Amino acid sequence: MKKIVPLMTTILVMALSVSLALASGGEAEGGHGGAEMWKGWGIKTFNFLVLVGLLYWLLASKIKDFFVGRRAEIKEELEKAVERKAEAEKKFREYSEKIDKASTEIDGILEMIKAQGVAEKQKIIDDAEKTAKKMKEDAQARIEQETKKATDELKAQAVDLSVKMAEEILKRSINQDDHKSMVKEYIDKVVIKH
C-alpha cells in the first residue's frame with residue numbers, strides 16, 4: 001500500500017502537467033476556448049482519476065496478492081534451487097570420493113597384478129630350471145643304465161665267445177683218454193668232499 005501512494009501521486013502530477021500543456025496551447029488560438037477547455041480538461045482528469053481509483057479499488061488486492069504470491073514462489077524456487085545445489089554438491093563430493101577410492105583400488109590391483117606377475121615369472125623360471133635339472137639327471141641315469149646294459153651284454157658275449165673258443169680248443173686238444181681222466185678226477189673230488 002505504501003508503494004502505491006507514490007505511484008498514484010506521480011500519475012496525478014503527470015496528468016496535470018499534460019493537461020496544463022494542452023490548456024495553454026488552446027488559449028493562443030482564440031478567446032472563449034480557454035474556459036471550455038479547462039472544463040473539458042477537468043472532466044477528463046476527473047474521469048481519469050475515477051478510472052484509476054476504480055481500477056485500484058478493484059485490482060489492488062489482486063495485484064498485491066499476485067506480487068506477494070509471485071514473491072513467495074520466487075523465494076520458494078530459490079530455496080529449492082539452493083537445496084538442489086547443496087544436494088548436487090553433496091553428490092559431486094560423494095562421486096568424487098568414490099572415483100578417488102576406485103582409482104586408489106585400481107592402482108593397488110595393478111601393483112598386486114604386477115607383483116603376482118613377477119612372482120609367477122620367477123616360479124615359471126624356477127620350475128623350468130628344476131625340470132631341466134631333472135631331465136639332465138634322468139638322461140645321465142639313462143646313459144649310465146644303457147652303458148651298464150651294453151657293458152653287461154658285451155661281457156656276456158665275451159664270456160660266451162670265450163666259452164665257445166675254449167670249447168673249440170678243448171675239442172681239438174682233448175682226446176678220448178683225456179676226457180675219461182677228467183671225468184674220473186671230477187667224480188673223485190665230488191665224492192671225497194661229500
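Coordinate-derived values only; no laboratory data. Nothing here was measured: the structure is a model prediction, and the numbers come from that model. Positions of Cβ are backbone-derived with ideal geometry, glycine not excepted, and every protein chain shown enters the neighbour counts.
Some observations on this one:
- Neighbourhood net charge (14 Å Cβ-Cβ; Lys/Arg +1, Asp/Glu -1) for GLU153: 0
- Cut-off 14 Å between beta-carbons: net charge of the residues surrounding LYS101, Lys and Arg +1, Asp and Glu -1: -3
- Counted residue by residue at 0.36 nm each, then reduced by the alpha carbon distance between them, the extension gain from LYS44 to LYS155 reaches 24.6 nm.
- Hydrodynamic radius of the stretch 82-122 per Kirkwood, over alpha carbon pairs, in Å: 12.3 Å
- Computed magnitude of the charge dipole of the stretch 148-193 (debye, nearest 20; Cβ of K, R +1, Cβ of D, E -1): 140 debye
- For the stretch 58-194, convex hull volume per residue from C-alpha positions, Å³: 259 Å³
- Relative compactness, the stretch 148-193, computed as alpha-carbon Rg over 2.2 N^0.38 Å: 1.66
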